[in-house]
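The values are calculated or read from the model by the stated rules, or taken from the named source; none is laboratory data. None of these values were measured; they are calculated from a predicted model. Here the Cβ positions follow ideal geometry from the backbone for every residue, glycine too, while neighbour counts run over all protein chains shown. Keep in mind that these areas ignore ligands, DNA and RNA; they rest on the heavy atoms of the full protein, side chains included. Shrake-Rupley method; radii C 1.70, N 1.55, O 1.52, S 1.80 Å.
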Amino acid sequence: GAMAIIRKKTRPPASKQPKAASPPLKIARARKDGGAPALHLIKLCVGVADVRELADWQKKRRKRFKRRFNTHVTRSYPRRAEELLAGGSLYWVIAGSVRVRQRLIGVVQRRDKEGVLCCELRLDPKLVETAPRAHRPFQGWRYLAAADVPADLAPGRKATGDRLPPSLVDELRSLGLL
């Protein structure tokens, strides 16, 4: 009998394919929910000395990527994303203290340029300063219960530690008083 030759379309090897982040695999969006107290995240803000520096850095990134929100990419997708988006925030630890928070407005799972799963936390651009609370360094992010969050500062009000000499602030923090 006659033999048919079938040509199989082949893709170039992965090393020759263009690298780009994948489209979203899983998306969770903020919702209004008057139910249980919100769940939050806490994360170290590495390489930033104060809230002003974080604000400037985020503003530049929003402009560069033409976005109306901020993003932070992390490896792990939070299993409790729906709870986080029912009014939760990301609390930033800056220079050893929780200093500021940003409302979470979305959580998106995707693959990065190397094909590894990652998570994009989408953040409201508004930074809300909090009463400083000392916090030890840790890896990645952690859940933070509503009962454990520091109070927001009134708009325009600075943290008490901002008016004290830095050496006194360090001493008070080491004693757990700031």
Complete set of residues in region 80-99 that are under 15 Å from Ala145 (Cα atoms) and in a loop (DSSP other than H, G, I, E, B): Arg80, Leu85, Ala86, Gly87, Gly88
Single residue of region 141-153 satisfying the filter (over 16 Å from Leu104 (Cβ atoms) and in contact with a strand residue (DSSP E or B) (Cβ under 7 Å, 6 or more places away or on another chain)) that is surrounded by the fewest Cβ atoms within 10 Å (Cβ to Cβ): Ala151
Any hit, region 117-126, residues being in contact (Cβ under 8 Å) with a residue 24 or more places away in the chain and closer than 30 Å to Glu171 by Cβ: no
Check on Leu90, closer than 30 Å to Glu171 by Cβ, under 12 Å from the mean Cα position of the chain (by Cα) and not charged (D, E, K, R): yes
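Listed here are the residues, each with its yes/no results for (1) in contact with a Pro (Cβ under 6 Å, 6 or more places away or on another chain); (2) polar (S, T, N, Q); (3) modelled with pLDDT of 95 or more.
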{"position": "Val73", "(1), (2), (3)": "no, no, no"}
{"position": "Tyr77", "(1), (2), (3)": "no, no, no"}
{"position": "Gly87", "(1), (2), (3)": "no, no, no"}
{"position": "Val93", "(1), (2), (3)": "no, no, yes"}
{"position": "Gln102", "(1), (2), (3)": "no, yes, yes"}
{"position": "Asp112", "(1), (2), (3)": "no, no, no"}
{"position": "Val116", "(1), (2), (3)": "no, no, no"}
{"position": "Arg122", "(1), (2), (3)": "no, no, yes"}
The one condition in (1) of a type in the set (Lys, Arg); (2) closer than 18 Å to Thr130 by Cα; (3) open to solvent by less than 80 Å² (accessible area, probe 1.4 Å) that Arg52 fails to fulfil: (3)
Qualifying residue in region 100-109 (condition: assigned to a loop (DSSP other than H, G, I, E, B), open to solvent by 10 Å² or more (accessible area, probe 1.4 Å) and of a type outside the set (Lys, Arg)): no
